[in-house]
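Data first, discussion second: the structure below is written as structure tokens.
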Amino acid sequence: MSAQAIYDTVPLGSLVRYFDGTPRPPERFKRKLAAWENNNDGGRLVRKSAPHTVGTHTTPASVTLHQGDFGNAGVIVLKVFKTFSVNSALTFTVIERPIPGMVRVLDRAGDNAELLHLADTRAAAKAWLISHSYSDAVLDEVSADESRSDRAEGRVA
């Protein structure tokens with residue numbers, strides 16, 4: 001599926017993989033492998049940004065994936081995100097969608113909210129929110145309708 005389809009139909013919290021269709025190079029080719037990994041990876045969908053205009057420049061809509069955290073002894077030092085324009089030539093696929101009843105912790109209400117945490121229950125989301133100080137955070141429960149895979153991938157139920 002395209003990045004536009006991810007933007008239009010896939011809910012925040014989904015695990016998404018992206019790839020460019022080229023075969024993986026052998027391990028011995030370190031630079032080629034690093035370049036390949038740049039276009040063939042995945043992450044959790046944490047943000048959908050609407051198109052916006054600044055001056056005469058218009059930025060298209062985009063999706064952002066959280067690829068991982070780096071740190072030591074429970075302290076996160078670096079969070080890795082990758083943002084894709086809806087015009088991206090890469091191919092995307094949904095690996096996993098959030099299950100109905102899971103609760104998303106979002107940094108703010110509204111369309112440009114960013115996923116901070118995905119919890120199994122409302123109680124777990126509240127506990128996470130207490131231990132992480134976010135003043136404008138909101139809890140958003142995943143509905144059964146948005147976790148259906150046939151809607152995004154064009155299948156008939």
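All of the numbers you see were taken from the coordinates with simple rules; none came from a lab. Because the structure is predicted, anything quoted here is derived from the model rather than measured. Cβ: placed from backbone, ideal geometry, glycine included. Neighbour counts: every protein chain shown.
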Select from the range 60-80 the residues that are exposed (fewer than 14 other Cβ atoms within 10 Å of the Cβ) and among the hydrophobic types (A, V, I, L, M, F, W, C) and write down the one among them that is nearest to Ser49 (Cα to Cα).
Val80
Sort out which residues of the range 102-118 are of a type in the set (Gly, Ala, Ser) and more than 17 Å from Leu129 (Cα to Cα), and write them in order of number.
Gly110
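Residue-by-condition table, conditions (1) in a loop (DSSP other than H, G, I, E, B); (2) within 20 Å of Ser14 (Cβ to Cβ); (3) basic (Lys, Arg):
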{"position": "Val46", "(1), (2), (3)": "no, yes, no"}
{"position": "Gly68", "(1), (2), (3)": "no, yes, no"}
{"position": "Ile76", "(1), (2), (3)": "no, no, no"}
{"position": "Lys82", "(1), (2), (3)": "no, yes, yes"}
{"position": "Thr93", "(1), (2), (3)": "no, yes, no"}
{"position": "Asp111", "(1), (2), (3)": "yes, yes, no"}
{"position": "Leu116", "(1), (2), (3)": "no, yes, no"}
{"position": "Asp140", "(1), (2), (3)": "no, yes, no"}
{"position": "Ser143", "(1), (2), (3)": "yes, yes, no"}
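The rows are residues; the columns are (1) on the phi < 0 side of the Ramachandran plot; (2) touching a residue at least 60 places away in the same chain (Cβ under 8 Å).
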position	(1), (2)
Thr9	yes, yes
Ser14	yes, yes
Pro26	yes, no
Ala34	yes, no
Gly55	no, no
Phe70	yes, no
Take the range 93-136 and flag every residue that is touching a residue at least 60 places away in the same chain (Cβ under 8 Å) and polar (S, T, N, Q).
Thr93, Asn112
